[in-house]
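Colleague: There's a structure below that I have some questions on.
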Amino acid sequence: MHVKESNTNKQANGQNMEQLKDEAAGMIKTIEILEVSKRKLLGECLGSCTIEDLQQIEQQLERSVSTIRASKEQIEHLKQKEKL
C-alpha cells in the first residue's frame, strides 16, 4: 500500500513538474513579446516594421499621450481646488 501511494505521488509530482515547465515556457515567450513591444515603443528596431505596425505604434503612443495629458489636467484641477 505504501509503495502504491509512493508511485501515485511520483506520478502527480511528474505531472506537476511538466505543468510548471509548460507555464515557464509560456511566460518566457510572453516576456520576449513584451520586450520586443517595449523596444518598438521606445523607437528601437523599427527597421523591420511594416507600415501597419508603425501606424499601430503611432496610435498606441497617441492614446498614451492623451491619457497622460488627461491625468496632468486632472492633477492641475485638483491643485487649483486645493488652493481654494
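Colleague: Percent of Cα-Cα pairs per 5 Å bin, from 0 to the last occupied bin, for the chain, please list those.
Modeller: P(r) for the chain, in whole percents per bin: 3, 11, 10, 11, 9, 8, 9, 8, 8, 7, 5, 5, 4, 2, 1, 0.
Colleague: Which whole-Hz ³J(HN,Hα) couplings does the range 30-43 yield from phi under the Karplus relation 6.51 cos²θ - 1.76 cosθ + 1.60, θ = phi - 60°, glycine and proline marked x?
Modeller: Result, rounded to whole Hz: 4, 4, 4, 5, 5, 5, 5, 4, 4, 4, 5, 5, 7, x.
Colleague: Moving on. With label points built 7 Å along Cα→Cβ from the Cα atoms of residue 84 and residue 16, find their separation and express it in nm.
Modeller: Each label point lies 7 Å from its Cα, and together they span 6.0 nm.
Colleague: Ok, one more. Are there GluC sites (Glu not before Pro) in the range 43-84 that DSSP marks as loop and that have at most 14 other Cβ atoms within 10 Å, and which are they? Don't jump to the answer; show the numbers that get you there.
Modeller: Working: sites: 44, 52, 58, 62, 73, 76, 82; in loops: 44.
Listed in order of number, the matching sites are 44.
Colleague: From the phi of every residue in the range 56-65, what ³J(HN,Hα) in whole Hz does the Karplus formula 6.51 cos²θ - 1.76 cosθ + 1.60 yield, where θ is phi - 60° and glycine or proline is x?
Modeller: 5, 4, 4, 5, 5, 5, 5, 4, 5, 5
Colleague: Student exercise: in the chain, how many lysine pairs 8 or more apart or on different chains have Cα atoms under 23 Å apart?
Modeller: 6
Colleague: I would also like to ask the following. Per the 1.4 Å probe, what fraction of the accessible area of the chain, in percent, lies on carbon and sulfur atoms?
Modeller: The computed percentage sits at 56.
Colleague: For every other residue with a beta carbon closer than 14 angstrom to the beta carbon of residue 33, add +1 if it is Lys or Arg and -1 if Asp or Glu, then tell me the sum.
Modeller: +1
Colleague: Sticking with this structure for a sec: Given R₀ = 25 Å, what would the calculated FRET efficiency be for residue 64 paired with residue 34, taking r from the Cβ atoms and rounding to 0.05?
Modeller: Numbers: r = 16 Å, r/R0 = 0.62.
Given R0 = 25 Å and the Cβ-Cβ separation, E is 0.95.
The values are calculated or read from the model by the stated rules, or taken from the named source; none is laboratory data. None of the values given here were measured: they were computed from a predicted structure. Every residue, glycine as well, gets a Cβ built from its backbone with ideal geometry; the counts of neighbours run over all protein chains shown. Ligands, DNA and RNA are excluded from the accessible area calculation, which covers all protein heavy atoms including side chains. Shrake-Rupley method; radii C 1.70, N 1.55, O 1.52, S 1.80 Å.
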